[in-house]
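The values are calculated or read from the model by the stated rules, or taken from the named source; none is laboratory data. All figures in this text were calculated on a predicted structure; none of them were measured in a lab. Don't worry about glycine lacking a Cβ; one is built from the backbone with ideal geometry, like all the others, and counts go over all protein chains shown.
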Amino acid sequence: MLVAGTDFWIAIAVVAIWIGSIFLFTPPPPSAPAQVEGMQLTRDGMRELIEHSGMPLLLLDGSRIVIANVEAREVLGRHILGQDARVAFRHPAAVDLLGRDKGGSVTVQGLTGPRSTWQMTRQPIDGRYWLVELINRTTEADISRAHTDFVANASHELRTPLASIIGYVETLAEEGENVDPDMAAKFHDTVLKEARRLQNLVNDLMSLSRVEAEKHDQPRDKLDLGALTERAARDGAGPQRLDRLVLHRPEEPITVRGDSDQLEQVVRNLVDNALKYGDPEAPVEVSLAHGERDMAVLEVRDRGEGIAPEHLPHLTRRFYRTDPGRSRAAGGTGLGLAIVKHIVERHRGRLDIASKRGQGTIVTIRMPMVGEEVEGES
Amino acid sequence: MTEHTVKAFDEDITRLRGIIAEMGGLAEVAIQDAMQALVSADEDLARQVVERDVKLDKLESEVDELAVRVIALRAPMADDLREVIAALKIGGVVERIGDYAKNIAKRVGRIEGRKRFEPLTLIPAMAEVAAEMVHDVLTAYAARDPVLAREVIQRDDKVDAFYDSIFRNLVSHMVENPATISSAAQLLFIARNLERIGDHATNVAEMVHYAATGTYPPEERDHDA
């Protein structure tokens, strides 16, 4: 009885241990590993996945920005990480999209610059997260606008010199010998001058359209703005006006990312304008400095009669002239500053024109400098 | 503060900044649309600007409520307190900017014979400068960037110069064409509103500078052209 009892208890114990072992071994299997993998992909995996996707992408946790890839940080600024999404997208259309229960897509104006257009798409992930995708539509909108502008302006500007060339040549051809030699020489002169103007105009229009075509393609080459400015300023002044040019630049190189041909054109155009419209007796100062926030600051200052304040905002428009007769007499095409503005914009710079009547005009260009590679995560 | 309070405070601040940004976006679009309505004499668009201002008022009271609650419940100190105070003030100012835009929109219908007005080409240019100030100051707020804030402050001179030039222009226009005095006066008020928008953007810039650094920006407006 006692022995049988012991066997009985042993049998119970063995069964109990066996049953217990089933419980011990069963819980871990199938579901757990998959869960761990899924968890890993959520943040770090996601970050890696979208970091270099070529277009701005952001991941929102509810309404907060938790991941922004490299393009998004470039377009919207680093400060948006961890912020409410409305801080990055404050346009009412975007705020409306962010407030919806479902995903969707809207067009947002002025997200990065006054004339930028972006297509913004938001889609849910896992119920809690949202993926925001941005597509730049600025170029498409620009092209159609630029096209209409060009046809309207250029046809007018091209027609004027053509009309006078045709007029004079017709007179010369019809009247032939009846025109006295002095008069004929004067006519020929005018025809030549108008033809040259036409040539300059076509050249300027070509460079303007080239700059516009590359507008959204940022220059990558590093170059020293100091040496470039000196070279281009001398070139823009030409041998006859070189003595009126005063140049200040720091000893150390000012390195920027830029297209050297285009930046030379900027300096040449500004120096040429300053010499042309400034006081012919006074010097033109060109100075380059390392400004606040690592900006290269280029200033061209003349001591002319200045520009009336009401003209200032329009100076960079194509074919805008404060005094049409004088500009044409000086051989201006009305495109110089428009070209400058487009080039500066392509280089992510800023163009400012300040002027006081009777004291002269200062044109300032600020462009981001390249430091010693301070790229990296914040 | 305990960890819980820190987290809750952080969430409140993030929301507060989000609402301010949303208000800013509305104010920016209000200026643009009011100008568009003025230039193209689009009274429907002008009416929309006026209607949308209600939303801005609602958001402002949301900012007030949230800011007061944060101060009462979390008792923030030092730069956290500055952040909340700045948000409270900036919310009020941005709402005023929206009001000026609404005011411009309301005047659109009262201008007659717009083709003859030379200043009508100057006002949009002035609005562009003022709107850019508002845009950049909001970006400075979002990025807590005191340098950009100072830049915005310097640009107010440009808006003032525009105002002077438009003022002179309109007064001489009134003298020469007494029949259009009432329309010209409307434009004068519009220019005045834009000038105030520039001043308010400057105020916001000062507060952004204050929230970021704890000091108000130095007066450097005249000698740095």
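Descriptive notes on the structure:
- Test result for B:ALA21, of a type in the set (A, V, I, L, M), facing another protein chain (nearest Cβ under 10 Å) and assigned to a helix (DSSP H, G or I): yes
- Out of A:ALA72, A:ALA141, A:ALA93, one residue alone is within 13 Å of another protein chain (Cβ to nearest Cβ) and outside any strand (DSSP E or B). It is A:ALA93.
- Flag for B:LEU122 being assigned to a helix (DSSP H, G or I) and either within 14 Å of chain A (Cβ to nearest Cβ) or at pLDDT 90 or above (or both): yes
- Tally, over segment B:166-195, of residues that are basic (Lys, Arg) and either within 13 Å of B:ASN103 (Cα to Cα) or crowded, with 19+ Cβ neighbours inside 10 Å (or both): 1
- Odd one out for B:LEU16, checked against (1) more than 14 Å from chain A (Cβ to nearest Cβ); (2) closer than 24 Å to B:ALA205 by Cα: (1)
- Selection from segment A:96-114 of residues that are within 22 Å of the chain's Cα centre (by Cα) and in a loop (DSSP other than H, G, I, E, B): A:GLY110, A:LEU111, A:THR112, A:GLY113, A:PRO114
- Qualifying residue in segment B:66-82 (condition: within 14 Å of chain A (Cβ to nearest Cβ) and out of contact with any Leu (no Cβ under 6 Å at 6 or more places or on another chain)): no
- Residue match in segment A:301-324 (condition: hydrophobic (A, V, I, L, M, F, W, C), closer than 28 Å to A:LEU198 by Cβ and within 14 Å of another protein chain (Cβ to nearest Cβ)): yes
- Residue check for A:GLY349: without any contact (Cβ under 8 Å) to a residue 24 or more places away in the chain, touching a strand residue (DSSP E or B) at 6+ places or on another chain (Cβ under 9 Å) and buried (at least 18 other Cβ atoms within 10 Å of the Cβ): yes
Here's the yes/no breakdown for (1) outside the structural domain of A:GLY332 (by TED's automatic domain parsing); (2) touching a Leu at 6+ places or on another chain (Cβ under 6 Å); (3) assigned to a strand (DSSP E or B):
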{"site": "A:LYS193", "(1), (2), (3)": "yes, no, no"}
{"site": "A:ARG197", "(1), (2), (3)": "yes, no, no"}
{"site": "A:THR229", "(1), (2), (3)": "no, yes, no"}
{"site": "A:LEU270", "(1), (2), (3)": "no, no, no"}
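- Test for B:ARG110: is it more than 14 Å from every other protein chain (Cβ to nearest Cβ), surrounded by fewer than 16 Cβ atoms within 10 Å (Cβ to Cβ), touching a residue at least 24 places away in the same chain (Cβ under 8 Å) and of a type in the set (Lys, Arg): yes
- Hey, B:GLU11 on the phi < 0 side of the Ramachandran plot, facing chain A (nearest Cβ under 9 Å), acidic (Asp, Glu) and without any contact (Cβ under 8 Å) to a residue 12 or more places away in the chain or not: yes
- Evaluating A:LEU315 against the criteria (1) surrounded by 18 or more Cβ atoms within 10 Å (Cβ to Cβ); (2) under 25 Å from the mean Cα position of the chain (by Cα); (3) in contact (Cβ under 8 Å) with a residue 60 or more places away in the chain leaves one unmet condition, (3).
Each row is one residue, and each column tells you yes or no for (1) farther than 28 Å from B:THR180 by Cα; (2) crowded, with 18+ Cβ neighbours inside 10 Å; (3) among the hydroxyl-bearing types (Ser, Thr, Tyr).
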residue	(1), (2), (3)
B:ILE123	no, yes, no
B:MET126	no, yes, no
B:VAL129	no, yes, no
B:MET133	yes, yes, no
B:VAL137	yes, yes, no
B:VAL147	yes, no, no
B:VAL152	yes, yes, no
B:ASP164	no, no, no
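- Count - residues of segment A:210-236 that are touching a residue at least 40 places away in the same chain (Cβ under 8 Å) and surrounded by 14 or more Cβ atoms within 10 Å (Cβ to Cβ): 10
Residue by residue, here is whether (1) away from chain A (no Cβ under 14 Å); (2) farther than 17 Å from A:ALA354 by Cβ; (3) in a helix (DSSP H, G or I) holds:
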position	(1), (2), (3)
B:GLU132	no, no, yes
B:ASP136	no, yes, yes
B:TYR163	no, no, yes
B:HIS173	no, yes, yes
B:SER182	yes, yes, yes
B:LEU194	no, yes, yes
B:MET207	yes, yes, yes
B:THR215	yes, yes, no
